[in-house]
Amino acid sequence: MSLLMTPTLWQSIDWLQKCPDSWKKRAYTSLMDTLTRKWNPTKAIERGIAYEKAICYGENPVEKVADDLKEKFTEAYNLIHREGGSFQKVAKKIVDVDDVEFILYGKLDVHFPDLIIDIKTTGNYRGKSSYLNSWQHRVYCMCTRIPDFKFIVYEFDNNSGMLIDIHIIDYHVDDFAMLNEEVMHKLVSVRDFLRTDKKLKEAYLHKFNRYN
């Protein structure tokens, strides 16, 4: 059976490796929660899930948006609901590393034959780089061979809960061979990292990979 690899796991490892020492314990616990499939959503996460469902499956809520955001909101909404799209399509690709099969896996918020859209919500927008430095878009584009990806980020005020901005962030694959090399190099580094900690390794093999 193939061993599972996901962008969420990779991001959790990245955070553990780069976070300040004062955050290491919490980052380790968060990674272990990911590996053991513990689901403890915060209110912000629950709000984000509800908002994404409303955007994708509910009626257009543009009338609930402040006037100065209506144009941006409509642009984003029309991108998500462009003809030919589907929601929560699975993307996966099986790869071989040192005679071991791994499966790269994810769910696409919105899939088009020529475009992938991922919907985000945040109360702490930190600029385009915080999204473009992640692995989600790179893994999804590699798996699907779709060269264009957009993050649509809905930014909320943490105090009022009001929508205050919308950010559309574009990514394009210029060279799939280079992308493949980059993703595979990351996969190997994640595999090697998990081998360095017995508890993480066991959780990865027997909890994250449920069938082992």
Using modelled amide H (1.01 Å from N, peptide plane; none on Pro or chain starts), what sits under 5 Å from the amide H of residue 89, excluding residues fewer than 5 places away?
-> 108, 111
Size of region 161-212 along its principal axes in angstrom, Cα-based, largest extent first?
-> 43, 40, 22
With r as the distance between the Cβ atoms of residue 17 and residue 145 and R0 = 35 Å, compute the FRET efficiency 1/(1 + (r/R0)^6) and round to 0.05.
-> 0.75
Simple Cβ-charge dipole of region 54-205, Lys/Arg +1 and Asp/Glu -1, about Cα centre, in debye nearest 20 = 540
Towards the positive end of the charge dipole of the chain, with charges on Cβ (+1 Lys, Arg; -1 Asp, Glu), say which of 81, 137, 11 has the farthest Cα.
-> 11
Accessible area in square angstrom per residue, region 147-212, 1.4 angstrom probe | 57
Using Cα centres only, tell me the gap between region 48-117 and region 179-212 in whole Å.
-> 26
List the lysines whose Cα lies under 20 Å from the Cα of residue 24, skipping any in the same chain that are fewer than 8 positions away.
-> 38, 198, 199, 201
Using the structure shown, list the pairs from 43/120; 18/186; 53/120; 107/128; 18/92; 89/186 with a Cα-Cα distance above 19 Å, or answer none.
-> 107/128; 18/92; 89/186
What is the ratio of the Cα radius of gyration of region 54-212 to 2.2 N^0.38 Å, where N is its residue count, to two decimals?
-> 1.21
Considering amide H positions built from the backbone, and no H for Pro or chain starts, which residues 5 or more places from residue 97, or on another chain, come under 5 Å of its amide H?
-> 102
What does the charge count near residue 101 come to, summing +1 for each Lys or Arg and -1 for each Asp or Glu among other residues with Cβ under 15 Å from its Cβ?
-> 0
A correct Stokes-Einstein calculation for region 5-134, using the alpha-carbon Kirkwood radius, 4 °C and 1.567 mPa s, returns a whole-number D in µm² s⁻¹ of 74
Per residue accessible area in Å² of region 1-68, where ligands, DNA and RNA are left out and the probe is 1.4 Å | 67
Carbon and sulfur together cover what percent of the accessible area of region 1-55 at a 1.4 Å probe radius?
-> 60
Which peptide among 95-104, 140-149 comes first, and what is the full order, when sorted by highest mean count of other Cβ atoms within 10 Å?
-> 140-149, 95-104
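The values are calculated or read from the model by the stated rules, or taken from the named source; none is laboratory data. Being a predicted model, the structure only gives us computed values, none of them experimental. Cβ: placed from backbone, ideal geometry, glycine included. Neighbour counts: every protein chain shown. For accessibility, only protein heavy atoms count, side chains too; no ligands or nucleic acids. Shrake-Rupley method; radii C 1.70, N 1.55, O 1.52, S 1.80 Å.
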